[in-house]
Amino acid sequence: MTLPNPIRKLDPTVVNRIAAGEVIQRPANALKEMLENCLDANATNIQITAKNGGMKLLQIVDNGCGIRKEDLEIVCERFTTSKLRNFEDLTSITTYGFRGEGLASISHVAHLTIITKTADSQCAFRVSYLDGKMKSAPKPCAGNQGTQIIVEDLFYNLATRRKALKTTYEEYAKIADVVGSYAIHNSHVGFSLKKIGESSACIRTQPNSTRVDNICNIFGNSVARELLDVELQSDSLGFKMHGHITNANYSTRKLLFLLFINNRLVDSVGIRKVVDQVYSSYLPKGGHPFIYLSLEINPNNVDVNVHPTKHQVHFLHEEEITEKIREAIEMRLVNCNTSRVFYTQAHLPGSALPERRPETSTASPSQVVRTDAAQQKMERFLSPHAPPAASNSLESSKRTSEGSSSTDIDEERTRKSGWKETNLHSVLSLRAAIEKECHAGLRLLFKEHSFVGCVSRSRALVQHSTSLYLCNTRQLCEELFYQIMMYQFGNFGMIKFSEALPLQDLGLLALKSRWSGWTEADGSQDSLSKFIASFLASKSAMLLDYFSIGIEPDGALLTGIPILIDGFFPRSEDLPRWVLRLATEVEWGDEKLCFETLCRETARFYAMSLDQGEEDEEKGDEPVERAVVDGQSDSEEASWRHVVEHKVYTALRKTLLPPKGFSTDGCVLQVAHLPDLYKVFERC
Ligand code: ADP
Ligand code: MG
């Protein structure tokens with residue numbers, strides 16, 4: 001027969017240690033408690049240092065109000081707080097802390113030291129704690145106003161918890177998540193996080209920044225430049241929401257989800273799920289957005305007291321509020337998508353299209369949105385029509401290129417109601433070829449490069465990491481234009497000429513040039529140019545629909561050419577050569593070859609303005625003419641240097657998938673490598 005063990009009261013230290021283990025599960029939880037205390041103390045600057053992922057040491061220094069010397073004795077006892085007095089206060093609580101468990105818990109599972117000074121105290125005081133109690137009386141010491149909390153050897157007395165922790169690296173990453181989230185939400189406060197012994201911080205934000213500043217600072221420009229604001233308010237449900245979410249151009253493998261409810265960093269499985277659902281129809285398979293949402297819910301409707309970590313909160317009308325959030329995000333994404341600028345051309349009767357695609361003008365959101373992940377994947381790299389620029393370019397702008405160009409080029413942009421995704425096998429396989437050929441190292445180089453300067457019209461210096469590279473801008477540009485043509489197939493804006501140009505005249509001009517290689521054996525120039533004009537006119541429907549190359553078929557007049565990069569114009573004197581080559585070099589007989597050669601020829605035509613012509617060398621750095629201009633800038637800025645830096649290299653950064661050949665053919669040459677230079681200096 002087994003007899004029951006007698007029931008005994010647990011030793012309070014054991015009780016506290018068990019309770020502490022619930023509040024503090026890992027270094028990041030301890031840090032969150034302490035950060036919240038700093039914010040409650042109205043700090044405007046918070047510095048965090050960690051060692052071994054916070055397991056060996058977590059040090060938090062703030063410039064808040066400090067702790068009164070007389071409170072130091074009880075500050076680490078359980079349920080001692082300066083914040084909550086009555087149970088009723090719980091419903092109107094505006095501070096993070098309220099139940100006085102944070103420091104107590106930490107002191108039961110780690111060695112805790114506090115150094116603190118209030119404004120009215122002569123000096124700072126230092127105390128160490130063990131299991132909620134001071135080890136000895138506070139000792140006066142030097143110190144600035146504010147509080148410094150040092151937590152050492154977390155879980156020194158809880159071996160199982162210690163063993164359950166992840167690696168130093170993972171714990172540090174969790175700490176960085178918490179600091180980053182709070183830094184974004186509390187952008188008026190400056191935060192810094194660094195590993196002990198390292199001089200540079202891994203997170204550093206300035207006080208009085210904006211949330212978008214800090215998102216950019218912490219998550220990088222790739223997130224920040226694709227951000228959309230969302231706002232939502234419902235009086236009946238008693239809540240307000242404000243947020244920053246990425247548009248469909250941004251996609252990452254792991255959902256970046258920052259949710260604050262009444263200023264508290266929390267998680268909500270429900271909201272997370274709904275957000276991912278909305279984005280699943282916008283992003284490539286396995287892609288996720290960045291989401292920052294701050295909800296303010298009537299405190300009476302929120303129960304923060306759900307879990308000791310305060311990580312989960314429950315609130316009234318949870319389902320309705322979640323649904324409202326879903327709608328708001330969906331609306332924002334749809335609107336953003338429709339306000340992108342693309343040229344639309346209705347299907348022309350009589351054109352010999354291999355395949356008919358849906359009309360876009362009446363497209364429903366699900367048609368406007370790319371739903372095939374595989375097809376959309378590249379688009380985020382390849383749309384130079386990013387939303388912020390779109391608002392300017394929505395107004396149809398007419399401008400004339402200045403200088404000596406024989407034709408005035410006016411630009412007209414037409415609003416497009418949606419993106420036409422192509423299903424043409426030929427185009428998809430040409431895209432696949434680009435992706436297969438992509439050199440990952442060069443892609444990274446261009447993605448992350450800093451532009452240093454133009455050496456000449458066709459060469460520029462860029463820096464990546466510790467190396468300097470000399471790049472063949474013309475060659476890069478030609479590939480870039482080719483890729484833009486492939487990935488924006490059927491979705492180009494149009495540069496419309498103020499006066500349509502007879503194709504025959506252009507053909508004739510080309511044939512008369514020395515470089516055309518024309519001989520009498522080819523037939524008379526007149527009859528050849530007539531043939532060129534009528535041949536291209538016969539292709540007008542396809543050229544317009546797929547490439548925004550405008551040809552008025554009756555008079556065989558060229559009316560416009562595609563916009564490949566906003567603000568980039570090819571030279572009008574290169575038009576004749578392009579027209580001739582369209583007629584003679586494009587493989588019209590085979591769909592795939594036709595698209596490939598046509599895009600190559602067109603890309604070449606556009607990139608020609610970056611040729612290092614003899615003319616340029618003679619006239620030095622002066623821009624020869626203003627064939628390449630950004631019409632939005634004044635004429636001074638509209639020089640080719642400006643275009644190269646701000647249009648070409650920006651587009652290269654965003655979209656180019658550099659083919660492998662560029663790494664060996666001299667297109668990108670490493671000219672200096674910093675560590676090697678150091679070696680040279682060392683010898684001096
Ligand atoms: P709570 O935050 O729930 O009040 P804590 O155990 O986290 O409980 O903190 C106990 C008390 O210690 C707080 O109420 C506050 O008065 C004081 N305190 C803790 N950290 C700081 C700090 N960084 N600056 C000023 N006071 C602090
Ligand atoms: Mg607290």
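Since every read-out is calculated from the coordinates, none of them should be taken as a lab result. Note that the structure is a prediction, hence the values are computed from the model and not measured. Every residue, glycine as well, gets a Cβ built from its backbone with ideal geometry; the counts of neighbours run over all protein chains shown.
What number, in nm² with one decimal, is the all-direction average of the projected area of the convex hull of the alpha-carbon atoms of the stretch 120-227?
Spelled out: convex hull of the Cα atoms, projected over all directions, averaged, 10.0 nm².
What pairs from Lys420/Lys496; Lys133/Lys195; Lys166/Lys254; Lys56/Lys174; Lys133/Lys194 go past 26 Å between their alpha carbons?
Exceeds cut-off: Lys133/Lys195; Lys133/Lys194.
Let me check against my output: what whole-number percent is the relative contact order of the stretch 220-336, with C-alpha pairs under 8 Å and at least 6 apart?
Values: 191 pairs, mean separation 34.9, N = 117.
Answer for the stretch 220-336 is 30 percent.
Taking 8 Å as the Cα distance limit and 6 or more residues as the minimum spacing, I'd like the relative contact order of the stretch 533-577 as a percentage.
Taking the mean separation of contacting Cα pairs over the length of the stretch 533-577, I get 27 percent.
Give the calculated FRET efficiency between Ser513 and Ser467 to the nearest 0.05, with a Förster radius of 30 Å applied to their Cβ-Cβ distance.
Efficiency at R0 = 30 Å is approximately 0.15.
When the Kirkwood radius is taken over all Cα pairs of the stretch 220-336, what Stokes-Einstein diffusion coefficient follows at 25 °C and 0.890 mPa s, in µm²/s?
Reported coefficient: 169 µm²/s.
Under the Kirkwood approximation for Rh and a Cα-based Rg, what ratio Rg/Rh is obtained for the stretch 12-217?
Details: Rg = 16.4 Å, Rh = 17.2 Å.
Value, to two decimals: 0.95.
Ranked from highest to lowest mean number of other Cβ atoms within 10 Å per residue, what is the order of the peptides 56-62, 69-75? Provide the component values of the computation, followed by the final result.
Details: 56-62: 21.4, 69-75: 15.4.
Sorting 56-62, 69-75 by mean packing, highest first, produces 56-62, 69-75.
Kindly state, as a whole number, the per residue volume in cubic angstrom of the convex hull around the alpha carbon atoms of the stretch 476-538.
Measuring per residue, one finds 144 Å³ for the Cα hull of the stretch 476-538.
Extending each Cα 7 Å along its Cβ direction at Glu585 and Val269, get the distance between those two points in nm, one decimal.
The answer from the label model is 6.1 nm.
For the stretch 167-235, with equal point scatterers placed on the C-alpha atoms only and solvent neglected, what are the log10 I(q)/I(0) values from the Debye formula at q = 0.19 1/Å, to two decimals?
Here log10 of I(q) over I(0) equals -0.80.
Computed on alpha carbon atoms, what radius of gyration and Dmax characterise the stretch 435-481, expressed in Å?
Cα radius of gyration and Dmax of the stretch 435-481 are 10.9, 31 Å respectively.
Using the 10 angstrom Cβ neighbour count as an exposure proxy, how do Glu323, Glu226 rank, fewest first?
Glu323, Glu226
How many nm is it between the label spots at Glu320 and Thr650, if each spot is 7 Å from the Cα in line with the beta carbon?
Once both label points are built, they end up 4.5 nm from each other.
Just want the answer: with Cβ charges of +1 for Lys and Arg and -1 for Asp and Glu, which residue in Leu58, Leu10, Leu35 is farthest toward the dipole's positive end in the stretch 5-85?
Selected residue: Leu10.
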